[in-house]
Amino acid sequence: MLRWTVPLAVLVALAAPAAFPAFAASRSRTATASVTVAAIAKLSLSASALSFPDGDPDVVPAIPAAGGPVTITARVRTTPGAAVSLSVLATSDLRAGMAAIPASAVRWTSTGAGFVAGTMSATVAQAVGAWVGSGLRTGTQAYTLTNSWAYATGSYSTTFVYTLTAP
Amino acid sequence: MAHRVGRALCAAAATCALVLGASALASAQTLSLTLSRTTIPFASADPDTTPAITAPVLIVTYRVRGNPGNWVITLRASGDLSGGSATIPVSQVSWVATPSPPFGSGVMSATVAQTLASGSGNVDPSRTGQVTFVLANSWDYSVGTYTALFTFTLTAP
């Protein structure tokens with residue numbers, strides 16, 4: 001009996017480290033990691049002014065804005081699945097003293113996911129972009145002014161107000 | 001206790017010998033592990049101005065006695081940081097720790113325990129390490145409060 005037991009015990013002991021790793025002693029402690037994410041929205045434009053140079057309406061029926069497209073960066077943190085929108089509204093038609101060019105003479109095309117083309121309005125905010133949820137979105141707006149022989153000479157101006165909205 | 005277990009299992013002679021050995025080894029080792037805090041808070045911050053959010057330093061105190069081999073302190077997350085239907089991948093959390101060695105830096109995982117510190121032999125009296133967790137900030141995170149459980153485990157094989 002003794003001669004049978006001892007060899008078997010030796011064989012198993014040699015295999016023990018691999019076969020029974022649970023023999024290791026251990027101590028565990030836990031800590032709860034928590035992250036607070038608050039709502040925030042930021043909007044930036046690459047330019048604070050647009051200008052449309054004068055041009056012959058026959059030669060340049062649509063005047064591109066000098067300086068090229070405006071780059072828009074919209075940063076939002078909101079709740080999951082929330083609708084995020086960016087709109088623009090002209091404070092008035094383009095005015096030069098008593099003369100005016102309708103804001104609707106200004107149009108834009110867009111690049112960038114979620115950004116859309118549109119026509120300016122001085123009465124109803126127009127969509128510039130729409131997204132879902134948090135994120136950083138970048139796009140461009142290339143403005144043009146519809147040229148016309150009907151415009152009186154002068155230097156016209158107005159203000160475009162961009163609004164980024166998220167719940 | 002070990003003697004009683006051994007006798008009970010002696011019908012299978014080989015297993016009996018193993019259990020006795022393991023019991024004796026485990027009882028000889030004394031491991032101690034404590035944390036200075038039970039929370040690792042990351043405050044909300046603007047990702048543009050704070051691309052990486054740092055949590056307050058956590059101090060790990062550990063002691064290993066009666067250890068003939070190596071020891072290791074590992075870290076593992078219970079899952080991604082969860083806040084309702086939204087999650088933040090726990091891999092966005094990394095840490096730096098001192099002194100190095102035995103401590104090292106790393107990235108949290110919910111699937112594989114990551115090594116926080118390692119060494120060999122005994123650590124007596126106890127020693128400490130300072131661990132600073134960092135969350136990579138992002139505009140993609142949804143509004144909410146997210147949590148995950150981080151488990152620190154000291155093991156001496």
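Please treat every number below as a calculation from the coordinates, not as lab data. Note that this is a predicted model, so its numbers are computed, not measured. Cβ atoms come from the backbone with ideal geometry, glycine included; neighbour counts cover every protein chain shown.
Table for the structure above
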read-out	value
Single match in B:GLY84, B:GLY79, B:GLY106, B:GLY121 (criterion: in contact (Cβ under 8 Å) with a residue 24 or more places away in the chain, out of contact with any Asp or Glu (no Cβ under 9 Å at 6 or more places or on another chain), closer than 30 Å to A:LEU43 by Cα and not basic (Lys, Arg))	B:GLY84
Matching strands (runs of 3 or more DSSP E) fully within segment B:75-157 where at least 2 residues are touching a Ser or Thr at 6+ places or on another chain (Cβ under 8 Å), over 25 Å from B:ASP48 (Cβ atoms) and facing another protein chain (nearest Cβ under 7 Å)	B:144-156
Selection count where residues are more than 23 Å from B:ARG65 (Cβ to Cβ) and under 20 Å from the mean Cα position of the chain (by Cα), scope segment B:114-145	5
